[in-house]
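Trainee: Dropping a structure here in structure tokens format, bear with me for questions.
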Amino acid sequence: MSAPQAVVFDTDGVLLDSARLHAAAWKTAFDSCLDAWAASGHGRQPPFDADREYRQWVDGKPRLEGVRSFLNSRGIDLPTGGPDSAPGDDTVWAVAARKETEFVHTLQAGTVEAFTDVAPALARLRAHGVCCAAVSASRHARPLLGAASLLSCFDAVVDGTDAAELGLAGKPDPALFLEAAVRLGMDPARCAVVEDALAGVEAGRRGHFGLVIGLGRTKNPDTARALRERGADLVAAELLTVAETVCGAGR
């Protein structure tokens, strides 16, 4: 293959150690919803699995789509509600609002840090003239990247605020990644995508990016297998491996 001229990175779980915080906030919101569903006479269900179900149904998706995906997997059909829905359990918007409230509380309690391999990997890529972009469905991504002193490392950033303003569909639609390629001035075929979410890997494949890399930081063989099944060309355990792969491809 020809060498990628740019790399588009997912943010949560790839650049920032924030996926676990998102998962914990989702667990609080979904467990409350499941309890309310049981109390209304529909029968009790197992609690939300913040590892397996988070990755399968929620990770990488906009909040409303994440709520719908998980609830549909459990056979739960809630009314949509609206943006003015208070955090709660009775509508899709209410569950999403509860998750947002929990996540913001977590952020207020402490900082989100970049993984230790991020800075050296980005330095390696930039030394080889590879452009870099960061992408996230979260509206918190840009300020969190700034707090981690990473914003200046990227030639483009596309986050949930951009998605809302531009009407970009969420993953597994490739719209976020394609917008990043446009901002970099690159053909997607000349770009690599790095994702830890199944929906994100699928988006990279759908967007016809030249190289789709799944990042499996947990080194769980089931995770690696799932990433490949969704379309990852290869799976790496750390970003330094990704940088070496990109810098060595076709050179």
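The values are calculated or read from the model by the stated rules, or taken from the named source; none is laboratory data. Keep in mind that this is a model prediction, so the values were computed, not measured. No Cβ is skipped: glycine too gets one built from the backbone with ideal geometry, and neighbour counts run over all protein chains shown.
Trainee: Looking only at region 37-67, count every residue that is surrounded by 15 or more Cβ atoms within 10 Å (Cβ to Cβ), more than 19 Å from the chain's Cα centre (by Cα) and part of a loop (DSSP other than H, G, I, E, B) and tell me the total.
Mentor: 1
Trainee: Between F103, F115, which is of a type in the set (F, W, Y) and either closer than 30 Å to A189 by Cβ or touching a strand residue (DSSP E or B) at 6+ places or on another chain (Cβ under 9 Å) (or both)?
Mentor: F115
Trainee: If you take the residues of region 68-91 that are within 22 Å of A19 (Cβ to Cβ) and in contact with a Leu (Cβ under 8 Å, 6 or more places away or on another chain), which of them is surrounded by the most Cβ atoms within 10 Å (Cβ to Cβ)?
Mentor: L71
Trainee: Among the residues of region 146-159, write down those that are touching a Ser or Thr at 6+ places or on another chain (Cβ under 7 Å) and either surrounded by 21 or more Cβ atoms within 10 Å (Cβ to Cβ) or not assigned by TED's automatic domain parsing to the domain that holds V14 (or both).
Mentor: D159 - this is the single residue of region 146-159 that is touching a Ser or Thr at 6+ places or on another chain (Cβ under 7 Å) and either surrounded by 21 or more Cβ atoms within 10 Å (Cβ to Cβ) or not assigned by TED's automatic domain parsing to the domain that holds V14 (or both).
Trainee: Moving on to the next point. Filter region 123-137 down to residues that are of a type outside the set (G, A, S) and touching a residue at least 60 places away in the same chain (Cβ under 8 Å) and give me whichever is surrounded by the fewest Cβ atoms within 10 Å (Cβ to Cβ).
Mentor: H128
Trainee: Pairs only if they're at least six apart or on different chains, beta carbon under 7 angstrom, first in region 91-102 and over 7 Å from A29 (Cβ atoms) and at pLDDT below 95, second buried (at least 23 other Cβ atoms within 10 Å of the Cβ) and not small (G, A, S); list them, first residue then second.
Mentor: E100/R63
Trainee: What's the number of the only condition in (1) aliphatic (A, V, I, L, M); (2) at pLDDT 95 or above; (3) touching a strand residue (DSSP E or B) at 6+ places or on another chain (Cβ under 9 Å); (4) within 14 Å of K99 (Cα to Cα) that L21 fails to meet?
Mentor: Only one criterion is unmet by L21, namely (2).
Trainee: Against the conditions (1) surrounded by fewer than 21 Cβ atoms within 10 Å (Cβ to Cβ); (2) modelled with pLDDT under 95; (3) touching a helix residue (DSSP H, G or I) at 6+ places or on another chain (Cβ under 9 Å), where does A141 fall short? Just the number, please.
Mentor: Result: A141 fails condition (1) only.
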